[in-house]
Amino acid sequence: MKQLRIMLAIIICKIARWGLRLRGKGGTTLPGMLALRICPDLLGALGPQVSSIVITGTNGKTTSARMLEQCFKNGGIPVFANRSGANLLPGITAEFVAHASLFGRMRLRHAVVECDEAAFRQVSRYLDAKVVLVTNVFQDQLDRFGDITHTLASIRAGLEGSPNAAICLNADCALLVDMAKGLPNPVHYFGVETALYQDGNGTTEMIRCSCGAPYVYAYKTYGHLGVYHCPQCGTGRPLTDVAVTAVLEETADTTTVEVRVGEEKHPLTINLPGAYNIYNAAGVVAVADVLNLPMAVIGAALKEFRGGFGRMERIRVGDVTVRLILVKNPIGCGQALRYLTTLKEQVTLAFCLNDRYGDGTDVSWIWDVDAEPLGQLGDRLTAVYCGGTRADDLAVWMKYVGIEEAKLRVEYDEDKLLETVAKSPVPVTILPTYTAMLSIREKLAKQYGLGQFWE
């Protein structure tokens, strides 16, 4: 009886995915929902057949997954991944079904699984993860995650549900290091051992040790990440297995760093700019090191991988270069704004703020964004467009952070906004929240022949 339910669930899932793809839809979540209605533990039948690398954390999951997937491919190891970013149980289940036979036999033996932090405790019950990469943890979607302690509890539960996994953990995130104490799993730490900004990191975020005392930092890289110790109990940042020891070169499109793996140092070029992508690369190197992938394979993969849709994605729109950067919380948005200060030429900014479920219905987070980089742009910032369902709230915030009213535009219509972008005399950076990003990118894909977001 169980086998019949598994087969029926797989058939329904495959048919639904095929039908949705014919209509130009992603078919990334609904097919999995239908399958789980028939067989709620379907992933439990498929997951253990595969050696899975699970990636979770607040920021960097999709980009880290793309980097790691490229490492597997360059190493000649067949692998599949939930490239669409559908990282809840239905989306992950649908991706496993897509690579299974009608009888529930997996065709590939390796998977890179991006997993939502809140869903990790549930997903971990069905996957026998070989490695779990935890990128970082920041405040995110207050209406969904609540206090950051809930996110940490979910990640802890997921790690406890992954008894056979090696854990690759961001040593610079004191919250994660505290959370992982007492786990029996082998832990491999990665981090950044050089200051990333000459002017500090623009935040005043305070993190306390589990003993109650505030951490003291030698320096912060961004947010609460950095080199820290507790003056009260002596707890400090753990020694790292993998660390970025120097930033050698930064351009508008790439970053070259020096990475220490054990005692050896290697130059690596990351095919994306931004401080957060330095951390993403460090985490991926840690995972690849656990898997014994050669450094030559890792280096080539980081240099040639393509970033995920909307994650620092560069798009040619008519005669204009457009950079699409997903934003969803204060720290990530602040880092996106800091990226603008590295550009030498003038830039137009379009910020699209939605309050749908996928974005988080509470948009008060924008008031916690470090907006100082906007002021540093000066005359290089030619115009700022505010769009999305909460465009008015965004415009008010822009005025408070000091954007001149003469530069400020509110455009509710997404199509008109993109028409304006296409006529811009200078490069454009679009900062959309999640549902705005999906909508904008779908329109750009149809008009300019881009690959679909699930490809």
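Among the strands (runs of 3 or more DSSP E) confined wholly to segment 104-191, which include 2 or more residues that are touching a residue at least 60 places away in the same chain (Cβ under 8 Å) and over 28 Å from Tyr219 (Cβ atoms)? Even if it seems obvious, please write down each step before you answer.
Working: elements: 110-114, 129-134, 166-170.
Those strands (runs of 3 or more DSSP E) span 110-114, 129-134.
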Kindly indicate whether any position in segment 332-343 is in contact (Cβ under 8 Å) with a residue 60 or more places away in the chain and part of a loop (DSSP other than H, G, I, E, B). yes
Filter segment 311-328 for residues that are open to solvent by 10 Å² or more (accessible area, probe 1.4 Å), of a type outside the set (D, E, K, R) and at pLDDT below 85 and give the result. Gly318
Within segment 1-53, residues over 18 Å from Arg107 (Cβ atoms) and touching a Ser or Thr at 6+ places or on another chain (Cβ under 7 Å) come out as Gly26, Thr28, Leu36
Considering segment 164-192, residues that are at pLDDT below 95 and open to solvent by 40 Å² or more (accessible area, probe 1.4 Å), and then whichever is farthest from Pro231 (Cα to Cα), we arrive at Gly182
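Taking the criterion of being in a loop (DSSP other than H, G, I, E, B), of a type in the set (S, T, N, Q) and at pLDDT 90 or above, would at least one residue in segment 194-215 satisfy it?
First, the residues of segment 194-215 that are in a loop (DSSP other than H, G, I, E, B): 194-207, 209-213, 215.
Add one more test, that the residue is of a type in the set (S, T, N, Q), and what stays is 194, 198, 201, 203-204, 210.
Next, only the ones that are at pLDDT 90 or above stay: 194.
Checking segment 194-215: at least one residue is in a loop (DSSP other than H, G, I, E, B), of a type in the set (S, T, N, Q) and at pLDDT 90 or above.
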Of all residues in segment 307-331, count the ones that are in contact with a strand residue (DSSP E or B) (Cβ under 7 Å, 6 or more places away or on another chain), assigned to a strand (DSSP E or B) and among the aliphatic types (A, V, I, L, M). 6
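Surrounded by fewer than 17 Cβ atoms within 10 Å (Cβ to Cβ) and not polar (S, T, N, Q): which single residue out of Val259, Val247 fits that description? Show your work before the answer.
Values: Val259 fails: surrounded by fewer than 17 Cβ atoms within 10 Å (Cβ to Cβ).
From the options Val259, Val247, the qualifying one is Val247.
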Of the numbered conditions (1) open to solvent by less than 10 Å² (accessible area, probe 1.4 Å); (2) hydrophobic (A, V, I, L, M, F, W, C); (3) part of a strand (DSSP E or B), Ala288 fails exactly one; give the number of that condition. (3)
Cβ-Cβ under 8 Å, sequence separation 6+ or interchain: first residue in segment 73-87 and in contact (Cβ under 8 Å) with a residue 40 or more places away in the chain and under 24 Å from Asn292 (Cβ atoms), partner among the β-branched types (Val, Ile, Thr) and in a loop (DSSP other than H, G, I, E, B). Which pairs? Lys73/Val79
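The values are calculated or read from the model by the stated rules, or taken from the named source; none is laboratory data. The shown structure was predicted, so the numbers you read here are calculated from the model rather than taken from an experiment. For neighbour counting, all protein chains shown are included, and Cβ atoms are generated from backbone atoms with ideal geometry for every residue, glycine included. Surface areas here come from the heavy atoms of the whole protein model, side chains and all, with no ligands, DNA or RNA. Shrake-Rupley method; radii C 1.70, N 1.55, O 1.52, S 1.80 Å.
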